[in-house]
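The next block holds one structure in the form of structure tokens; read it before the comments.
The values are calculated or read from the model by the stated rules, or taken from the named source; none is laboratory data. Values in this document were obtained by computation on a predicted structure and should not be read as measured data. Neighbour counts are summed over all protein chains in view; Cβ atoms, including those assigned to glycine, are modelled from backbone coordinates with ideal geometry. Side chains are part of the model used for accessible areas, which takes the heavy atoms of the whole protein and leaves out ligands, DNA and RNA. Shrake-Rupley method; radii C 1.70, N 1.55, O 1.52, S 1.80 Å.
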Amino acid sequence: MIRKLYFLLLSPFFLFNAHAQSGSREFQVEEAKQAVAVDATHFYVINNSTIRKYLKNSGELVASWDGTSQGIVHLNSGVVIKGKLYCANSNYPDQPMTSSVEIFDTRTLQHTSTHSFGIAQHGSLTWLDQKDGYWYVGFAEYSGRNASAGRDGRWTSLVKYGRDWRQLEAWVYPKNLLDRFAPMSNSGGTWGQDGLLYITGHDHPEVYVLQLPRSGYTLDYIKTIPLPIAGQGIAMDRAVKNKRVLWGINRAKRTVIRTELE
């Protein structure tokens with residue numbers, strides 16, 4: 001029994017971070033470079049052209065998908081909704097910015113359908129999530145060498161769509177977050193069960209909490225939460241009730257991190 005426990009603690013798939021917040025776990029995953037998505041039993045590690053499906057309780061790899069031959073070059077993030085994994089896909093860092101949503105069956109990890117934005121008017125698709133039956137989609141614009149013609153990071157936006165992908169509303173980000181993103185942009189986002197929006201930048205070990213404004217066009221900033229992640233795509237674990245459990249990655253350490261927010 002002692003030998004078994006010793007092996008578990010040293011396993012590369014199942015590492016605990018003693019310095020993180022209460023309830024945190026780390027999984028060592030070499031492909032953890034872009035994002036993580038999650039459902040009740042599995043987490044999905046998203047890289048530029050690949051997706052890997054792992055068991056949440058053990059970190060065991062159970063399925064994989066490779067879209068290289070299909071021309072997939074930059075999957076940014078994903079969200080699981082009713083048995084489907086929706087992934088934000090773009091051509092970053094190429095210009096003009098083009099984007100699509102790639103859809104997978106979570107049981108088999110087979111690609112089932114797509115929705116193309118083509119040259120998206122709002123920029124590069126980095127994340128998407130649903131709330132109250134509507135799509136909320138994050139589009140990134142960049143400053144410096146990755147900026148598109150005539151634009152910079154200030155053009156980064158959150159766009160609301162109906163289920164038929166018709167645009168309904170859109171918002172921009174407050175200046176303090178745009179400054180924090182620069183020269184990159186908003187990389188990840190997810191709605192919490194508390195009705196608040198949790199977003200990330202590209203690199204910093206923190207999550208920003210926002211809400212939709214009562215008036216105007218700028219999202220309301222609430223607070224910043226330091227976390228042992230490093231930007232990129234995140235996911236709120238909606239299978240956990242009465243707790244805010246957030247999943248993210250640390251690209252430099254190649255880890256997937258589960259954290260209970262206090």
- Query: In the set Trp135, Trp127, Trp165, which member is aromatic (Phe, Trp, Tyr) and touching a Leu at 6+ places or on another chain (Cβ under 9 Å)?
  - Reply: Trp135
- Message: Under 6 Å between Cβ atoms, which residue pairs at least 6 apart in sequence (or on different chains) link something in the stretch 98-121 that is closer than 13 Å to Tyr86 by Cα with a partner that is open to solvent by 50 Å² or more (accessible area, probe 1.4 Å) and of a type in the set (Val, Ile, Thr)?
- Response: Ser100/Thr114; Glu102/Thr114; Ile103/Thr112; Asp105/Thr112
- Note on the structure: Counting only residues in the stretch 51-73 that are aliphatic (A, V, I, L, M) and at pLDDT 95 or above, the one least open to solvent (accessible area, probe 1.4 Å) is identified as Ile51
- Task: Hey, can you tell me all the residues within the stretch 121-180 that are of a type in the set (S, T, N, Q) and assigned to a helix (DSSP H, G or I)?
- Result: Asn146, Asn176
- Item | Test: Leu246 is touching a Ser or Thr at 6+ places or on another chain (Cβ under 6 Å), of a type in the set (A, V, I, L, M), open to solvent by less than 30 Å² (accessible area, probe 1.4 Å) and within 23 Å of Val137 (Cβ to Cβ) | yes
- Task: Check Val207, Val172 and return the single one that is of a type outside the set (Gly, Ala, Ser), touching a Ser or Thr at 6+ places or on another chain (Cβ under 8 Å) and surrounded by fewer than 20 Cβ atoms within 10 Å (Cβ to Cβ).
- Result: Val172
- What do you reckon, is Leu109 of a type in the set (A, V, I, L, M, F, W, C) and on the phi > 0 side of the Ramachandran plot? yes
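Matching residues to (1) among the small types (Gly, Ala, Ser); (2) in contact with a helix residue (DSSP H, G or I) (Cβ under 9 Å, 6 or more places away or on another chain); (3) over 21 Å from Tyr134 (Cα atoms):
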| residue | (1), (2), (3) |
| --- | --- |
| Asn186 | no, yes, no |
| Thr190 | no, no, no |
| Ile199 | no, yes, no |
| His202 | no, yes, yes |
| Pro205 | no, no, yes |
| Gly233 | yes, no, no |
| Arg238 | no, no, no |
- Query: For residues in the stretch 181-198 being assigned to a strand (DSSP E or B) and among the hydroxyl-bearing types (Ser, Thr, Tyr), which is nearest to the chain's Cα centre (by Cα)?
  - Reply: Thr190
